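*Asks:* Okay, handing you the structure first.
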Amino acid sequence: MSYIINNSRGQIVAVVPDGTVNTTATDLALVGRAVTDYGTYENENYLYLLENFCNTTAPLQPITGQLWYNNSEDILAVYGSANVFIDLASINYVEAQKISPAFTGVPTAPTAATGTATTQLATTAFVTNSPALAGTPTAPTAATGTATVQIATTEFVTNSPMFAGVPSAPTAPVGTNSTQLATTAFVTTGPAFSGSPTGPTVTATADDDRMATTSFVQAQKISPVFTGIPAAPTAVSTDSSTQLATTEFVQAQKISPVFTGLPQAPTADITISNTQIATTRFVTNWTNAMPSMSQQNANAVNITGGSISGITPLAVADGGTGGSTQATARTGLGLGTIATQNASAVAITGGSIYNIADLAVVDGGTGASNATDARTNLGLGTISTQDASAVAITGGSISGITPLPVLSGGTGAATQSVARTNLGLGTISTQDASAVVITGGSISGITPLPVLSGGTGANTASAARLNLGLGSIATQDASAVLIGGGTLNNITVVNGYIQAATVSSANAQITGGTITGITPLGITAGGTGAGDYANALINLGAVGITRQVIAGGGLSGGGALSANVTLAIASSSNGYGNRTVSTNLPSGGSNGDIWYQVYTL
C-alpha cells in the first residue's frame, strides 16, 4: 500500500508506491515500503538535515520553511512563501547594523519633552526645540565675512569683526584711554580736529594717552579685546555675513538651528536625561537599547508575544472583526461554524460542496472529479476498490510485509515450514490430494469415504466388506484359505493349476477360466507343492494310476488301481472274515472284516 506523505499543515506532498523512492517531491528521498536499501536513503536524509543542504547552489526541490547553508558565502537562508530563499541575518550582521546604521525612508520616533536627558531617541523636533547647550559645545568656525545661518563660534566673533549698519557702544568719558570702543560721541567730544590731522601711529599694543591714528584704530579691529559691555546691532537669525554676532543673535540661533558641515558635541550616556545635545552616537546607542516594538514601522508591526487588552474592537471596515469575543468576531465576519475547525480535522455535517476546482494531490486532494481518475492520481490500483472483508488478488506478488499472526487469519511466518508449524500442520499437508501417502499413525473421526469416491462408505470392517460386495473369504489369509461351502464350477486344472473364467467374490466360486503364472501352493498350505501331476503325486506320497495292488500272503485278489480292488483273505490264512480294499466305506460287514481304503487319483 502506498505511503501518503503530508506536511505539517496537513497537505499531501507526495504519494510513494511500494518498492519505490520519490526524489522529485522534496530534496529528501521519500522511501516507500519494501525498499531493500532504505537505510542508505534514511541516513543520507539525516545528514542533509544536519548540514542544512550545504552547497554552493540552492536545493532543487525546496519547500516552505526549508533551510539552506550557502557555503560559498557562509550564509544561512530560508525558503519563504514567495518561493525564494531569503538570507537570514547572523548575530555578527545584526551587531554590525548597530554601528552607524544608515536609516532609509523617513524613520520616526516619539519626541521627548524639552529638557529630557535620557537614552530616549532624539527626533528632529526635540533637537530643534530651543536646545539648552551645556558643557563646551564646539562647531566649525566660519570664514571671516560669512553671513549665513551657520553657528558662530567664539573664534568667529573675535576674529576681526567687520561692523555694518549703525553699530553703537557706550561712550567713554573724555580722557578715557583704554580698550573701550570709541563711539562717535567720544571722538567728537573734546578737541575739534579739522583738515586731516596726523600723528605718529603707536604700536597696536600701546595703551597710553597718545592720539590714536586711523592706522592704530584699524589695527585695533584685528582681534580686538572688548571690555565692559560692548554692543552691536543684532542681525536677523538668517544672516550669514561678516556682521558682528550679538548675544541676542547667538541665542536666536539656538531656536531650530540648522547645522552644516560636521558639528560635534560630547556624547552623553544613554542613561542621561537632561538638556545636553544628543549626538549621532547617543541616538544610535539609544536606538539599540530600545525594545524591538519601538523599532518597527507603524505599517509593518510584528507582535510575537505578550498580550493586547483594553482596546475598542476594530471595526470590520477598518480591517478588524468588530467583536470582543470569538463568537461575535465570527458573526461580524459572517463566518459559520466550520470556521472554528482545524484544517487537519474538518467535519462537515450537512449541506453540499460543489463548483470547486479539483484539489491537487499535493494539497491533500485527488486532483480529479471522478473515482477512476482520483485512484489513478493517487497511484491506487484496482485492489483499492475492494472491501477489506472481500479482497481478491488475481496476480502479482506480496512481499516485504510483517507476517500476519495466526490470530489475525495469517500464518505468523515468512517461510512454508514455519507457517505449517504455526498452523499445527504435519507433513501430510505438503502432499497432493491425488497422491497422499500415510506412513504411520491412525485416521479416526472422519466421514466414511463413499465407494464411488474410492472408499468403502463404512466405518467398520464388516460394513466395508458388505459395501464392497466381499464375502467371508475376503477375511482369510492367502496362506490359509478355507472354503466351507459353495461350488467351484467350470474350472480347468492344467498341470496342477486351476484355470477359471470368472471368480464370484460373493460366494468365492471360480466358475471358469484358468489360473496361471502362480507359485505352486505348498503342501502345508493345502497345495501339492508342485507344478505338474507326477511331482504332485511324489510330494503327496500318492500311488500313480499305473501301480498294482498285489495280494500278499494270506490275501487273494488285487490288480491295477485304476478301479476298485478287492483283497480277500486266503482260505489258508489265519484270519477270518472279509478283507475289503476300496475307496469308499463298504456297507454291512461282520466282525473280523478288514477294510483297506485306497484313493484313486
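*Asks:* With the requirement that a residue be touching a helix residue (DSSP H, G or I) at 6+ places or on another chain (Cβ under 8 Å) and open to solvent by less than 50 Å² (accessible area, probe 1.4 Å), what does the stretch 2-24 give you? It would help to see each step written out before you state the result.
*Replies:* Residues of the stretch 2-24 touching a helix residue (DSSP H, G or I) at 6+ places or on another chain (Cβ under 8 Å): 11-15, 21.
Hits for the stretch 2-24 are I12, V13, A14, V15, V21.
*Asks:* Moving to a separate point now. If you check every pair at least six apart or on different chains, which have Cβ atoms under 7 Å apart with a residue in the stretch 310-333 that is closer than 20 Å to N299 by Cα first and a residue that is hydrophobic (A, V, I, L, M, F, W, C) and assigned to a helix (DSSP H, G or I) second?
*Replies:* Qualifying pairs under 7 Å: T321/A329.
*Asks:* From (1) without any contact (Cβ under 8 Å) to a residue 24 or more places away in the chain; (2) open to solvent by 70 Å² or more (accessible area, probe 1.4 Å); (3) of a type in the set (F, W, Y), pick out the condition that doesn't hold for F259.
*Replies:* If we test F259 against (1) without any contact (Cβ under 8 Å) to a residue 24 or more places away in the chain; (2) open to solvent by 70 Å² or more (accessible area, probe 1.4 Å); (3) of a type in the set (F, W, Y), just (1) comes out false.
Here is a yes/no grid of residues against (1) charged (D, E, K, R); (2) under 20 Å from G10 (Cα atoms); (3) in contact with a strand residue (DSSP E or B) (Cβ under 6 Å, 6 or more places away or on another chain); (4) open to solvent by 90 Å² or more (accessible area, probe 1.4 Å):
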position: S307; (1), (2), (3), (4): no, no, no, yes
position: A317; (1), (2), (3), (4): no, no, no, yes
position: G334; (1), (2), (3), (4): no, no, no, no
position: S344; (1), (2), (3), (4): no, yes, no, yes
position: A347; (1), (2), (3), (4): no, yes, no, no
position: S369; (1), (2), (3), (4): no, no, no, yes
position: S389; (1), (2), (3), (4): no, no, no, yes
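*Asks:* How many residues are assigned to a loop (DSSP other than H, G, I, E, B), under 25 Å from E51 (Cβ atoms) and of a type in the set (A, V, I, L, M) when one looks only at the stretch 64-108?
*Replies:* Of the stretch 64-108, the ones assigned to a loop (DSSP other than H, G, I, E, B) are 64-66, 71-74, 80-84, 88-90, 98-108.
Imposing the further condition that a residue be under 25 Å from E51 (Cβ atoms) reduces the set to 64-66, 71-74, 80-84, 88-90.
Among the residues that remain, those that are also of a type in the set (A, V, I, L, M) are: 82, 84, 88-89.
Number of matching residues: 4.
*Asks:* While we're on this one: Scanning for something more than 43 Å from the chain's Cα centre (by Cα) and free of Cβ contacts under 8 Å to residues at least 60 places away in the same chain, does the stretch 404-417 turn up at least one residue?
*Replies:* Pass one, the stretch 404-417, residues more than 43 Å from the chain's Cα centre (by Cα): none.
No: the stretch 404-417 contains no residue that is more than 43 Å from the chain's Cα centre (by Cα) and free of Cβ contacts under 8 Å to residues at least 60 places away in the same chain.
*Asks:* Still on this structure, please answer the following. If I ask for residues that are within 12 Å of N422 (Cβ to Cβ), in a loop (DSSP other than H, G, I, E, B) and either of a type in the set (D, E) or open to solvent by 70 Å² or more (accessible area, probe 1.4 Å) (or both), which ones from the stretch 392-408 would you list?
*Replies:* Once the filter is applied, which keeps residues that are within 12 Å of N422 (Cβ to Cβ), in a loop (DSSP other than H, G, I, E, B) and either of a type in the set (D, E) or open to solvent by 70 Å² or more (accessible area, probe 1.4 Å) (or both), the stretch 392-408 yields only L404.
*Asks:* Consider L67 against the criteria (1) surrounded by fewer than 15 Cβ atoms within 10 Å (Cβ to Cβ); (2) in contact (Cβ under 8 Å) with a residue 12 or more places away in the chain: it satisfies all of them except one. Which criterion is unmet?
*Replies:* The single condition L67 does not satisfy is (1).
*Asks:* Pick from A29, A34: which is of a type in the set (A, V, I, L, M) and open to solvent by less than 40 Å² (accessible area, probe 1.4 Å)?
*Replies:* The match here is A29.
*Asks:* Out of V31, V15, V35, report the one residue that is closer than 28 Å to I398 by Cα and in contact with a Leu (Cβ under 7 Å, 6 or more places away or on another chain). Step through it out loud before you land on a result.
*Replies:* Values: V31 fails: in contact with a Leu (Cβ under 7 Å, 6 or more places away or on another chain); V35 fails: in contact with a Leu (Cβ under 7 Å, 6 or more places away or on another chain).
Among V31, V15, V35, only V15 is closer than 28 Å to I398 by Cα and in contact with a Leu (Cβ under 7 Å, 6 or more places away or on another chain).
*Asks:* While we're on this one: For the condition more than 18 Å from G135 (Cβ to Cβ), within 53 Å of the chain's Cα centre (by Cα) and either open to solvent by less than 40 Å² (accessible area, probe 1.4 Å) or aromatic (F, W, Y) (or both), what is the one hit in T287, T246?
*Replies:* Working: T246 fails: within 53 Å of the chain's Cα centre (by Cα).
From the options T287, T246, the qualifying one is T287.
The values are calculated or read from the model by the stated rules, or taken from the named source; none is laboratory data. Owing to the predicted nature of the structure, the values given are computational and were not obtained by experimental measurement. Using ideal geometry, Cβ is built from the backbone for each residue, glycine included, and neighbour counts are taken over all protein chains shown. Ligands, DNA and RNA are excluded from the accessible area calculation, which covers all protein heavy atoms including side chains. Shrake-Rupley method; radii C 1.70, N 1.55, O 1.52, S 1.80 Å.
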